[in-house]
1. Test of understanding: extend the Cα→C-beta vector of residue 272 to 7 Å, then name every residue of segment 429-461 with backbone N under 19 Å from that spot.
2. Using the heavy atoms of the protein chains alone and a 1.4 angstrom probe, what is the accessible area of segment 483-543 per residue in square angstrom?
3. Heavy atoms only, probe 1.4 Å: what % of the accessible area of segment 132-174 goes to carbon and sulfur, would you let me know?
4. With a probe of 1.4 Å, find how much accessible area segment 568-630 has per residue, and write the answer as a whole number in Å².
5. Given a 1.4 Å probe, how much area per residue of segment 251-328 is accessible, in Å²?
6. Between residue 443 and residues 5 or more places away or on another chain, which pairs have amide H atoms under 5 Å apart, with H built 1.01 Å from N, and which residues are they?
7. For segment 458-473, take each phi angle, set θ = phi - 60°, evaluate the Karplus expression 6.51 cos²θ - 1.76 cosθ + 1.60, and give the result in whole Hz per residue in order, putting x for glycine and proline.
8. For labels at residue 548 and residue 387 in the simple 7 Å Cα→Cβ model, what's the distance in nm?
Amino acid sequence: MMQLMRYGKTGHTHTLQVNNLRSLEISLTTYPSICLNLVVYNPPYLPAASVNKKRKAISMASMEVSNDHEQPRSYWRWSKQDFLPEESFQSWSNYVSALSQTWFRFKDRLMTRSDDAIETEQLRNESENEMKRCLNWWDLIWFGFGAVIGAGIFVLTGKEANKHAGAAIVLSYVVSGISAMLSVFCYTEFSVEIPVAGGSFAYLRIELGDFVAFITAGNILLESIVGGAGVARAWTSYFATLLDRKPDSLRIKTDLREGYNLLDPIAVAVLAITTTIAIISTRKTSYLNWIASAVNTLVILFVIIAGFSHAKTSNLTPFTPYGAKGIFQAAAIVYFAYGGFDSIATMAEETRNPSRDIPIGLVGSMSMIIVIYCLMALSLTMMQKYTDIDQNAAFSIAFQRVGMKWAKYVVAFGALKGMTTVLLVGAVGQGRYTTHIARAHMIPPWFALVHPKTGTPINATLLVAISGGLIAFFSDLDVLSSLLSISTLFIFMMMAVALLVRRYYVREKTEPRDLSKLVFFILLIIASSMGTSAYWGLRPNGWIGYAITVPFWFLGTLGISVFLNQQRKPKFWGVPLVPWLPSLSIATNIFLMGSLGSAAFIRFGICTGVMLIYYIFFGLHATYDMAHQQEKLQLNKIKENADGS
């Protein structure tokens, strides 16, 4: 018996079972332009000579098909089939028919789950070429530094110490660092078990289904595009500061509407340069990131050492002038100085040994970053009393007041280098997110293609860069900043939920009653966490609400621990103390979401509504066709002919 693996034009994989050479001939005649991988199974009743004869005949047939019919396809192609290959978009009548089945298809997608094999093997064929496995744990650690340590630590620390936390800003960094580490644990387990470029999108598609993954995909793309634009515009401001000029002095003033009237060509140029580097080679990007991150690390060490050399313990009194409320309010803001680590998970497909390298790279880099952030915050508050800290240029002004005026240029240079590496690593990670989203046909599969020479997803990387460049050129992004925050926290919260589902639910193995218990306990954890967050916003100094919501969170987590058995154990590396740490991650992310205010939720709702419109008219039908190939009847016919012959 022989097994034929058929790869269609868009990379779809189908398996045909044939029993003799006549069946093989039928298959090759029916599909003359396909590529075949052939596997011959040796039945116990066949002599080795017969099997070898069949193997030789099959090999010659395969070579003939390849030589006569297979034409190499250029990476740079623009046909409709490359953008809309799905059956629903082949004609207007097909599209209208697909729209009439929207509700049926939506229910199918809502209940459908992917699996590890589909994400790690089948979908990767959509890219036609493999990404190059060229990264190790050392690369990932430096990528972690490059992705996380940007301008946030320099900008947010002084502002939050002055407004909310006082000298206790160091505790805010501890709280937000613990929350970030919980999310890092979840990402690490998934990226080791499912080493693909899709990151959280792929993980949620497996555990929570196609529709939840789509909402995540929309937020990932939004975060990638708008976040990159924001960092690029901040780069221009810091570059102006380094030149001893006003932040907006290098922008072009126009008569456009307020908020869009300062054009920023420098931001566009910076995005173009970092994107070009990311496109050329992942390995070369890693080398450049090493150098830039090493320089940035030296600047940070200078800030810490110089700060403590001018420290006064009297500046730490009073330590908590705004109480616990101020510490947690500041934690919700400085949390975003830890953002960017999720980009490392998207590099799993290019990592040589994911089971070893990813835990070291992700957990190791985040552990060191937490320590660095806390030391920087402590050095600032010991160098200057919190009431005297400048909100806009905290470190620069603090050094100036202790007689180190020249140090402001060092700080500006460090922030500039940090933002450069954030953009560089972001271009790598965002391109890979987008690639896997396209592999699933959530967006046109043309963006899933990997270049055969560079081994990088050029189309996907350009999509994010060009979109981000257009926004960076016009918008100051103040309106979208809180939207980015809530998108990030939403994704991190869903990742923790997905981890609980992965550990406690396995299809066709978990009993229905256990699944019902799991759903109930997870909903109880989410609801109690939302209650805690809401009560904090309404009565931050109260305690009655917490006496109700916190025990419910505890009971929900305890219920999973006591009444359910883990159905799946991690093969290589796993989150410790499950379900407690994932449950705590859910609670902290929801709590931080609640600290962002109602305006952020309104904007989040509007953007989600726009995403749903796109999903109803395009994404739903593309993914449905992807999952339900229209060639099943033809394959069945071939099998019948093979059996008959």
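The values are calculated or read from the model by the stated rules, or taken from the named source; none is laboratory data. Everything quoted here is computed from the prediction, not taken from an experiment. Positions of Cβ are backbone-derived with ideal geometry, glycine not excepted, and every protein chain shown enters the neighbour counts. Side chains are part of the model used for accessible areas, which takes the heavy atoms of the whole protein and leaves out ligands, DNA and RNA. Shrake-Rupley method; radii C 1.70, N 1.55, O 1.52, S 1.80 Å.
1. Hits in segment 429-461 for residue 272 at 19 Å: 458-461.
2. With the other protein chains kept in place, segment 483-543 gives 46 Å² per residue.
3. For segment 132-174, the apolar C and S fraction of the accessible surface comes to 67 percent.
4. That works out to 46 Å² for each residue.
5. For segment 251-328, the per-residue accessible area is 54 Å².
6. Residues meeting the criterion, in which the H sits 1.01 Å from N, are 438.
7. 5, 4, 5, 5, 5, 4, 5, 5, 5, 4, x, x, 5, 5, 4, 5
8. In this crude spin-label approximation the distance works out to 4.0 nm.
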